[in-house]
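**Q** Take a look at the following structure, please.
What follows is calculated from the coordinates using simple rules that are stated; it is not laboratory data. Being a predicted model, the structure only gives us computed values, none of them experimental. Positions of Cβ are generated from backbone atoms using ideal geometry, with glycine treated the same way; all protein chains shown enter the neighbour counts.
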Amino acid sequence: MQSTYDENGEDQGWGTGSVVAMVKHWPAEGPGEGGREAHQDGGKYAVYPNDNFEACMIPFVDGAFKLDGKTGCTGAVMTSYTIAWSEDGKYGEPVGSGFSEYKVKELLRDRYGFEGDACTDWSVLRDVYEDGSKSYRCWGLEGSDWNPAKRAAKAVAVGVDQMGGCNEPDQLMSAYEDQVASVGESEADANFRAVAKRLLLGYFNTGLFEDPYVDPNVAKKTVDLADEAIEAEALAMQVKGIVMLKNHGNVIKAGAEDSKLKAYVPMRFIKAFRQSGTMDTAPWTDTPASCSLPLSEGILSQYFDVVTDTLAEELTGPVDESGDVPMATPALEDLTRCTVDDIKDCDLVLVCAAAPFNASARGGKSEEGTFVPLSVQYRPYTADNEHVRQVSLAGDLLEDGTRENRSYYGRTSQVTNEYQLDQILEAAALAKEVGIPCVVVLDIMQPMCVHEFEDQVDAIVVSMSGSTEAACRIVAGLDEPSGLLPMQMPKDMLDVEASPEDTSRDMTCYTDADGNTYDFAFGLNWSGVIDDDRVTAYKVPVLTKPEW
């Protein structure tokens, strides 16, 4: 992205064909306690039970800061929301990364010499609004002693240049005035001049300072360009990211472009559920039931002769009045599933399944505000085993001087789409009755447990790009799978609980009915388990310290 290339494809370094890349989230957003995520208060603390803080920085300092191309280093970094938790203060003041002198000044600027733009993540300057009208993630600086200008002043003082989501110059002028009052005009000038230099560097490097003018029509034509060759290349790249986990009896194999398999594709019924908003102050909302094909019939029919279920024309579920126009919603009774007779001439059953979804996917809280486990299995999971902390590592300091306990010990998960598992199992049973294979395409964004259904299905294909179409190309035999797992698939939830937040590749992975273990860098092609140069390169001992 950052290099400009000449007509011979030679790397020229920075130039007018360059794009400044911003990598995120420094120094790593991954180790949120209990798997929670810092867009919400429940995930604002990152914890390091195995002292692997530095391991989390490896992709930055040994990757983005040491590029092979001539630009040498990424041009911009976005900081994380999280507070790095430690009992002894080894990670500095307990504040979000964008306000942390330890993370930004001492590590990013001084230790690693990063000279580019450092930008906070969004909405870290805002105050807490009790009515929920604004989002806020000013972790560590929520108190009444702080306001947006003071938070911006603190961020600039530690080496941050850009305030994510802030489009109010008056706030930044107030931040300068706050610095003048606290550290003097000379130091405030030096801090803000350093900000200007680092921000302008990207404009100079890409030639925008000398020639900032753009022809909107040319730009729009370039951005909107979507000819068939580009679309085909994009889909081909997504296909390379698809991982085939199971292929019992080689039911997925090379096919022919001019011959389509006949596939029964069950409609996906999603029961009504409640979920939290993306902000702590946002209310929980009801999502009505829905029922549809998991992909458009137009896309599916490109690869298969499709047989599917029937949804009644008159829906009998509760009326959804949340939109501008009241809408009827489906009841489960409105859906007529295909029978043995309906699919007796099909070649396969193809189930496109969504991963388990937690009602409070980021904050890990119930509607009443208690912490609950985030689960990666469909059925309810109660966190009462020996691996669950009964007292959390991190927590807010309360008014009485005690520490908040964020443990979810003894509580049960709140997965909203448990019925997805029932649909997989029902489809698998129907396939067995007919005597045809059942193939499951999983759409996931993180590891998940497959022990609830794996031994009942013949093949499992995983999409992590959100492209179920790419997975369909593999199931149809048009492309050979080549993807490898970039993560481990856990044996069960006990194994998830036993894995410390800051430690990589330490889980006992799931082993399927064919004897294959779904470990990091595992994947199948038409010949079996992939064992190529990539696997050799990736399956090295876990890195725990940056080389630099």
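**Q** Taking a quarter of the surface of the convex hull around the Cα atoms of the chain, what do you get in nm²?
**A** 29.9 nm²
**Q** Let me ask something else about it. Taking the Cβ of each residue in 192, 99, 453 as the centre, tally the other Cβ atoms inside 10 Å and list the residues starting with the fewest.
**A** 192, 453, 99
**Q** Once a ≥ b ≥ c are taken as the square roots of the eigenvalues of the Cα gyration tensor of the range 6-91, is the result rounded (a/c under 1.5), prolate (a/b larger than b/c) or oblate (a/b not larger than b/c)?
**A** prolate
**Q** Per DSSP H run of n ≥ 4, the term is -39500 (n - 2.57); total these for the chain, divide by its residue number, and report the mean residue ellipticity at 222 nm rounded to 500 deg cm²/dmol.
**A** Helix contribution divided over all residues of the chain: -6500 deg cm²/dmol.
**Q** Along the charge dipole of the chain, pointing to its positive end and built from +1/-1 on Cβ of Lys, Arg, Asp and Glu, which listed residue (470, 499, 251) has its Cα farthest out?
**A** In the chain, that residue is 499.
**Q** Find the relative contact order for the range 437-517 and round it to a whole percent, using C-alpha pairs within less than 8 Å whose residues are 6+ positions apart.
**A** Relative contact order of the range 437-517: 30 percent.
**Q** Taking the beta-carbon count within 10 Å as an exposure proxy, list 507, 493, 445 from fewest neighbours to most.
**A** 445, 507, 493
**Q** In whole Å, how far is the Cα centre of the range 1-58 from that of the range 75-116?
**A** Computed from Cα coordinates, the inter-centre distance equals 13 Å.
**Q** Ok, one more. If packing is taken as the average count of other Cβ atoms within 10 Å, what order do 39-46, 322-329, 87-94 fall into, highest mean first?
**A** 39-46, 87-94, 322-329
**Q** Now a separate question. Please compute P(r) over all alpha-carbon pairs of the range 232-309, binned at 5 Å starting from zero, and give each bin as a whole-number percent.
**A** 3, 11, 12, 16, 18, 12, 11, 9, 5, 3, 1
**Q** Treat the count of other C-beta atoms within 10 Å as a stand-in for reagent exposure and order 204, 371 from fewest to most.
**A** 204, 371
**Q** What does the net charge come to around residue 308 if you take all other residues with beta carbon closer than 12 Å to its beta carbon, with K and R at +1 and D and E at -1?
**A** Surrounding charge for residue 308 is -1.
**Q** Another question, if that's okay. If the cut-off is 28 Å between C-alpha atoms, which lysines fall inside it for residue 70, apart from same-chain ones fewer than 8 positions away?
**A** 24, 103, 105, 197, 240, 545
**Q** In square nanometres, what is the average projected area of the Cα convex hull of the range 180-312?
**A** Over all viewing directions, the range 180-312 projects a mean Cα-hull area of 18.5 nm².
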